[in-house]
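What follows is a single structure, written as structure tokens, with notes after it.
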Amino acid sequence: MGKTITLRRGYDIKLKGAAEKTISSVPVSDVIAVKPSDFHNVVPKMLLEPGDEVLAGQALFYDKNRPALRFPSPVSGEVAEIVRGEKRRIMEVRILPDKSGIRYVDYPKGYPGGYSRETIIERLLESGCWNYIRQRPYTLIANPEDVPKSIFVSCFDSAPLAPDLGFIAESERENFLAGLDALKVLSHGHLHLGLRTGPSAELSESDFPNIPVENLHHFKGPHPSGNVGIQIHHISPLQKGEVVWYVHPQDVLIIGRLFLEGRYRADRMIALTGSCVEKPQYLRMVSGQSLSTVFSWGIQAEHCRVIQGNVLTGKTTHKDDFLSFYENQITAIPEGDQPEFLGWLLPGFNKLSLSRTYLSWLFPKRNYDLDTNMHGEERAFVMTGQYDKVLPMNILPVVLLKAILANDIERMEGLGIYEISEEDFALCEFVCTSKIPVQKIVAKGLQMAREET
């Protein structure tokens with residue numbers, strides 16, 4: 001058995017509304033959209049115009065700064081509209097899907113383990129599947145010209161109400177293993193998988209016959225143990241100038257389909273979760289699908305916030321929006337816009353607290369129906385030690401955040417800015433009594449560091 005890493009810092013937020021392991025297929029909506037805003041630091045340049053015919057897997061636009069990065073259509077049909085914002089910035093590329101079914105660009109079929117690294121990179125770039133490979137630092141699409149220190153895949157998600165990645169991977173096991181083989185070639189064998197230990201483990205070592213045992217890492221502990229950034233920190237910490245790539249398991253599946261099926265098939269299994277959902281379950285959807293089709297699956301519309309992603313790192317959405325490129329979860333929870341008598345002064349068993357302020361600490365396994373109420377406004381940013389209790393990284397989180405606010409690049413580098421991402425600090429924001437927008441500060445710091453390099 002591979003090495004087990006025990007993380008004691010962190011916190012599992014137990015919410016009502018976990019997805020049941022049933023799968024429903026959502027019909028393709030009348031309009032599909034690809035949003036350039038889903039991709040960090042990408043300046044889109046159109047390849048097609050409204051009225052042009054397009055196949056699934058055919059590029060719609062490319063990155064002006066890195067022309068090799070091409071962004072494909074998830075369906076076949078007609079380019080209907082290019083939605084632009086201020087200064088003619090491209091916000092969405094909308095497509096009218098074929099009614100008779102999806103037509104694909106054809107690629108050669110074959111098991112990726114038999115291909116060279118150059119052939120796999122060329123195939124991934126041509127099909128647009130390269131965009132599923134991202135890098136640390138900066139959480140950007142990886143540069144195909146780099147040779148990474150290693151590639152990481154976290155095979156479990158510890159975020160609130162997160163989808164069961166083992167359940168998703170087992171639904172297309174052969175494609176999943178083929179995708180891992182492609183990544184193994186890209187990494188020259190330095191492919192690392194993070195697995196959960198204990199009775200709730202989704203996948204085990206026996207599920208990965210082609211991965212050396214020393215590259216299978218077992219993690220035990222609360223959230224954020226499933227974050228790939230936390231796993232990188234404990235297995236292969238990043239130094240300045242180093243690059244690590246990472247891929248989400250569901251994206252590994254799509255890469256595997258490219259080689260075994262010979263096509264870019266971009267449908268995903270989305271966990272529909274939250275206490276405002278009548279029947280939480282898994283939905284099979286096409287990337288870019290209109291969310292109006294999801295709202296009809298029992299999401300309460302009034303006094304409810306719908307989020308693409310989990311409650312810690314997701315973004316508020318609405319029924320006129322479209323499923324984002326990397327999303328695997330949709331969460332619906334109460335809005336929290338109702339007044340609360342006496343606020344935090346009122347004792348209760350149904351209030352979540354990481355301290356022992358409320359008697360709810362006596363029931364650690366209880367699931368809560370939390371809303372979005374922040375219970376206060378931003379206050380003075382003081383040292384409380386709260387962040388250290390939930391961030392299992394050997395860094396000084398408050399000192400790093402203050403270095404970012406002070407625009408002190410050298411101090412940021414010394415404190416570990418290259419190792420972190422916004423999601424790694426999400427719990428810090430959740431527990432912060434000062435109500436500091438921690439993730440926005442981290443995003444600002446990463447932007448500054450990237451501009452300096």
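The values are calculated or read from the model by the stated rules, or taken from the named source; none is laboratory data. None of the values given here were measured: they were computed from a predicted structure. All Cβ positions, even for glycine, are placed from backbone atoms using ideal geometry, and neighbour counts span all protein chains on display.
Condition check ((1) closer than 30 Å to TYR282 by Cα; (2) not β-branched (Val, Ile, Thr)) across all residues:
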residue	(1), (2)
VAL31	yes, no
LYS45	no, yes
ALA59	yes, yes
GLU78	yes, yes
VAL93	yes, no
LEU96	yes, yes
ASN131	yes, yes
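Might you let me know whether region 219-242 holds any residue that is under 20 Å from VAL185 (Cβ atoms) and in contact with an Asp or Glu (Cβ under 8 Å, 6 or more places away or on another chain)?
No, every residue in region 219-242 fails to be under 20 Å from VAL185 (Cβ atoms) and in contact with an Asp or Glu (Cβ under 8 Å, 6 or more places away or on another chain).
Look at region 46-59 and say how many of its residues are surrounded by 14 or more Cβ atoms within 10 Å (Cβ to Cβ) and either among the aromatic types (Phe, Trp, Tyr) or part of a strand (DSSP E or B) (or both).
Qualifying residue count for the region: 4.
Quick grid of which residues meet (1) modelled with pLDDT of 95 or more; (2) of a type in the set (D, E, K, R); (3) surrounded by 11 or more Cβ atoms within 10 Å (Cβ to Cβ); (4) in the same structural domain as LEU283 (by TED's automatic domain parsing):
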site: GLN308; (1), (2), (3), (4): yes, no, yes, yes
site: LYS319; (1), (2), (3), (4): no, yes, yes, yes
site: SER324; (1), (2), (3), (4): yes, no, yes, yes
site: GLN329; (1), (2), (3), (4): yes, no, yes, yes
site: LEU346; (1), (2), (3), (4): no, no, no, yes
site: LEU359; (1), (2), (3), (4): no, no, yes, no
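Okay, residues lined up against (1) of a type in the set (A, V, I, L, M); (2) modelled with pLDDT of 95 or more; (3) surrounded by fewer than 20 Cβ atoms within 10 Å (Cβ to Cβ); (4) touching a strand residue (DSSP E or B) at 6+ places or on another chain (Cβ under 6 Å):
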| site | (1), (2), (3), (4) |
| --- | --- |
| VAL34 | yes, yes, no, yes |
| VAL42 | yes, yes, no, yes |
| PHE61 | no, yes, no, yes |
| PRO72 | no, yes, no, yes |
| VAL75 | yes, yes, no, yes |
| GLU78 | no, yes, yes, yes |
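Would you mention how many residues in region 63-121 are hydrophobic (A, V, I, L, M, F, W, C) and either under 19 Å from ASN41 (Cβ atoms) or assigned to a loop (DSSP other than H, G, I, E, B) (or both)?
Narrowing region 63-121 to residues hydrophobic (A, V, I, L, M, F, W, C): 68-69, 71, 75, 79-80, 82-83, 90-91, 93, 95-96, 102, 105, 120-121.
Next cut, either under 19 Å from ASN41 (Cβ atoms) or assigned to a loop (DSSP other than H, G, I, E, B) (or both) only: 68-69, 71, 75, 90-91, 93, 102, 105.
The total comes to 9.
Which condition number does THR293 fail, the rest of (1) assigned to a helix (DSSP H, G or I); (2) under 19 Å from GLU20 (Cβ atoms) being met?
Condition (2) is where THR293 drops out.
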